[in-house]
Structures are given as C-alpha cells and as structure tokens.
Amino acid sequence: MDSADTLALLRLLDAGGRSEPRRRLLRGHDGAGAALDAGRPAWRAAGLDAAQQAALATRVEPPAVARWRRWLEESPGRRVIGLHEPDYPSLLRRLGSAPLALWVEGDADLLWHPAIAVVGSRAASAGGLRNAFEFSRAFAAAGMAVTSGLAAGIDAAAHEGALAVAGGRTVAVLGTAIDRPWPPGNAALCRRIAASGAVASELPPGAACSRGTFPSRNRIVMGLSLGVVVVEAALRSGAAITARLAAEAGREVFALPGSIHNPKARGCHRLIRDGATLVDSPADVLEALAPVALGLGEDLRGRLAAPIEAAGSTAAAAGPTGPPEGSHPQRLWQALGHDPTGMDELVARTGLTAAELASMLLLMELEGRVSVEHGRYSRKSQ
C-alpha cells in the first residue's frame with residue numbers, strides 16, 4: 001500500500017454519507033492527507049454533516065479501514081485510486097457522478113487505455129454471444145481495450161473475446177465489492193482478467209451490494225469508455241441504461257440490429273430509432289472512435305507532463321526536437337529499437353519502473369510511435 005495519503009483517503013471513504021461534500025473537500029486541498037488535516041472548520045465548509053465529521057475526527061483506526069488496508073497489502077496489484085489523484089482515469093473523472101475512489105486489482109494503467117464498452121443481455125441468444133465475442137476480439141486486435149460488467153451472457157462473451165487475442169486488454173467493472181465478483185460462475189474469468197487486465201469497483205472489500213449497485217456500475221462501464229456497443233438488449237435492461245447514460249454524457253452509442261422476432265433485439269432497435277449508430281462490423285465502431293481516442297491521448301500527455309511528439313511528425317525520433325534531453329520519455333525512446341522488446345528488458349535498459357514505462361508506452365502507442373505485439377514493444381516504422 002502507498003503513503004499516508006492513501007490511509008487518509010480510506011478514512012474519507014469510511015466516513016460515508018453524501019459524496020459531494022467529500023468531493024468538495026478533496027478539490028479544496030492538496031491530497032486526502034491535507035483534507036483530513038484541515039480539521040472541522042474545513043470539513044464544515046465543505047458541507048460534511050456531523051456524522052461524517054465525527055468519523056474523521058476519531059483517532060482510532062476504524063475496523064473497515066483496517067480491513068481495506070489488509071486487502072491492499074496482500075498483493076502489489078491492488079490499488080485504491082482517489083478522484084483527486086492524477087492516476088484517476090480522465091474519462092471517468094469528467095462525469096458529475098464519478099466515484100470518490102476506484103478499487104482496482106490488476107493493471108490500473110489500463111483504466112487510461114482507449115476502451116470500448118460492449119454490453120448486452122444476460123440471457124443472450126447464441127448469435128448475440130457470437131457477435132459480442134467477435135466484435136470484442138476485433139477491438140482487442142486493433143489495440144483497444146474492451147470494458148464490460150462481468151455479468152453472464154454478453155458481458156462474459158465480450159471479456160472472452162478480448163482475452164482470445166494475444167496481449168488483448170479488457171476491464172471488468174463489478175457491481176459488487178472488489179473482492180466478491182458476481183456471478184460466482186464468473187469467478188475464474190474474473191481472476192484471468194485481473195491477471196492480464198484490470199478488475200475495478202467503487203465498492204471496497206467486504207462491502208454489501210444491493211440491486212441498486214448494479215445499475216450504478218453501468219455508469220462506470222460507460223465512463224471508462226470512448227463509446228458503448230449494445231449487442232442485444234431488452235427494452236428495459238442494464239444495457240439500455242448504460243446506453244442512455246452514455247448518450248447523456250456525450251459518448252458515442254452503437255447498436256447491432258437483430259431479428260424482429262428476437263425480443264432481445266428490441267432494445268437495440270429502440271436505441272437506433274433514438275439516434276444510436278447502427279453498426280454491422282467492428283470497423284464501423286473503430287473508425288468512428290478514432291478521433292475521440294486522440295483526445296484521450298492529450299489527457300494522458302497532461303498526466304505524464306511528457307512532451308512526446310505526435311505520430312507522423314518529422315521529429316519522430318528522439319533528439320533535439322523530440323523529448324527533452326535526459327527526460328524519462330527520451331530514455332525510453334532510446335531504449336526502444338525496431339526489434340520487439342519485453343517490459344523486463346526495458347526496465348533494465350532505462351532504470352525506470354514498469355509502472356512508469358507502462359504509462360509512457362501507452363501514450364506513444366496512442367500517438368502511433370510504438371507498436372505492441374504479445375507484450376513486446378518496438379518503434380513503429382514511419
């Protein structure tokens with residue numbers, strides 16, 4: 001687990017109550033530790049109620065905080081990322097209802113990767129499952145991440161499609177606590193995703209879930225994604241809710257048409273009538289989202305504060321017009337060659353950590369300067 005700031009964030013999460021006052025408190029201070037140290041006058045000014053203030057004022061570590069801390073310390077692949085932190089995914093941060101924190105198991109940097117949400121019915125048809133698998137496999141092969149909710153049916157098929165590609169990326173967003181995947185039948189799939197992708201939840205370890213936490217999960221699936229593809233959906237379904245939230249947030253919404261005799265296609269047909277883009281191939285989606293992915297690259301550039309040149313520029317190679325002499329991006333660029341190189345070798349060549357390299361490699365990949373295949377990186381020929 002990280003610093004005292006993380007412990008302070010856990011205290012803020014444990015305080016419970018309305019989220020917006022705690023958002024204001026975090027925005028008004030340089031980190032969760034500073035927000036906690038500011039004391040009752042600042043807490044009252046932010047709008048925290050008496051119960052929240054009392055929870056923050058106690059000097060005894062609350063049992064929930066101790067439990068969460070143990071979960072974080074059990075594995076280096078576990079994190080909690082607060083809304084105020086630079087690593088919080090920028091697309092999700094733009095939502096007014098963004099969670100105060102995300103609990104993550106796996107590659108947290110993947111939450112920044114350009115992603116497409118693939119959602120649909122739990123009781124999907126054989127054709128719907130096949131479409132979810134094939135579309136997701138095509139998205140992963142094109143370098144996009146696939147985001148879904150780990151539910152049975154379309155969600156599971158979407159995750160499996162992404163995992164079918166060597167180096168394919170997928171993110172599972174749970175409607176349950178981060179340590180209690182649902183349904184139980186997808187627990188093994190959840191472990192595979194955590195090992196090669198990322199599993200995320202706004203619910204901390206041990207938290208109880210309810211019917212309301214699953215619709216709430218849908219906003220995170222949408223919020224992490226450039227666009228939403230609905231494969232099959234009834235008129236009233238979680239997938240339809242996700243699509244509506246996406247449209248309200250300005251995300252692209254795509255829907256696959258189906259048979260007029262399939263009740264699971266009616267939600268898609270309604271979405272198309274309401275303005276969703278009809279698609280019948282993964283290429284349609286990838287082409288529409290390419291410009292949006294470039295905007296995410298600009299957000300990532302700000303996160304890294306790394307002036308890496310754009311793809312196609314005459315300054316594609318490191319040097320006087322590339323990343324600043326001696327900077328981390330330049331060290332990485334010099335360590336890369338045209339032969340594929342694994343992460344361990346790049347760590348040895350640069351002296352940087354894998355986490356630092358992953359963020360820079362992601363930005364270079366977004367800018368079209370780096371190719372990745374089977375987890376190995378190389379300079380892309382210009």
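Every number in this text was worked out from the coordinates using simple rules, so none of it is lab data. Please read these numbers as outputs of a predicted model, since none were measured by experiment. Every residue, glycine as well, gets a Cβ built from its backbone with ideal geometry; the counts of neighbours run over all protein chains shown.
Assorted remarks:
- Ordered by the number of other Cβ atoms lying within 10 Å of each residue's own Cβ, fewest first, CYS190, CYS209 fall into the sequence CYS209, CYS190.
- Additional length obtainable on full extension of the chain from ARG211 to THR277, 0.36 nm per residue less Cα span: 20.8 nm
- Neighbour-count ranking [beta-carbon atoms within 10 angstrom, fewest first] of ILE81, ILE241: ILE241, ILE81
- For region 1-67 and region 182-261, distance of Cα centres in Å: 29
- Three-way shape call for region 1-134 based on the alpha-carbon gyration tensor, with the a/c threshold at 1.5: prolate
- As a proxy for reagent exposure, ranking HIS84, HIS338 by other Cβ atoms within 10 Å from fewest up yields HIS338, HIS84.
- Each Lys and Arg adds +1 at its Cβ and each Asp and Glu adds -1 at its Cβ; summed about the Cα centre, region 134-224 shows a dipole of about 80 debye.
- Counting DSSP beta bridges with both ends in region 108-289, the antiparallel % (nearest 5): 0
- Scanning residues 5 or more positions from TYR377 or on other chains, those with amide H under 5 Å from its amide H are THR341, GLY342, with H placed 1.01 Å from N in the peptide plane.
- Residue (of PRO263, ALA156, LEU91) at the positive-pole extreme of the chain, dipole from beta-carbon charges: PRO263
- Lys/Arg +1, Asp/Glu -1 at C-beta; region 1-74 dipole; positive extreme among ALA38, LEU25, ALA51: ALA51
- Normalised by residue number, the volume inside the convex hull of the Cα atoms of region 119-255 is 96 Å³ per residue.
- Proximity of backbone amide H atoms, modeled 1.01 Å from N, is registered between GLY227 and ALA117 at under 5 Å, excluding neighbours fewer than 5 places apart on the same chain.
- Highest average packing first - 270-281, 24-35, Cβ atoms within 10 Å: 24-35, 270-281
- Fluctuation leader among ALA50, ALA164, ALA288 - the chain, Gaussian network, Cα springs under 10 angstrom: ALA50
- THR277 long-range amide H proximity, modeled H, under 5 Å: VAL253, PHE254, ALA255
- The chain, dipole about Cα centre (Lys/Arg Cβ +1, Asp/Glu Cβ -1), debye to the nearest 20: 1240
- Magnitude of the charge dipole, region 1-74, Cβ model with Lys/Arg +1 and Asp/Glu -1, debye to 20: 320
- Calculated on C-alpha atoms, the gyration radius of region 1-74 divided by its Kirkwood radius gives an Rg/Rh of 0.95.
- Antiparallel %, DSSP beta bridges [both residues in the chain], to 5: 45
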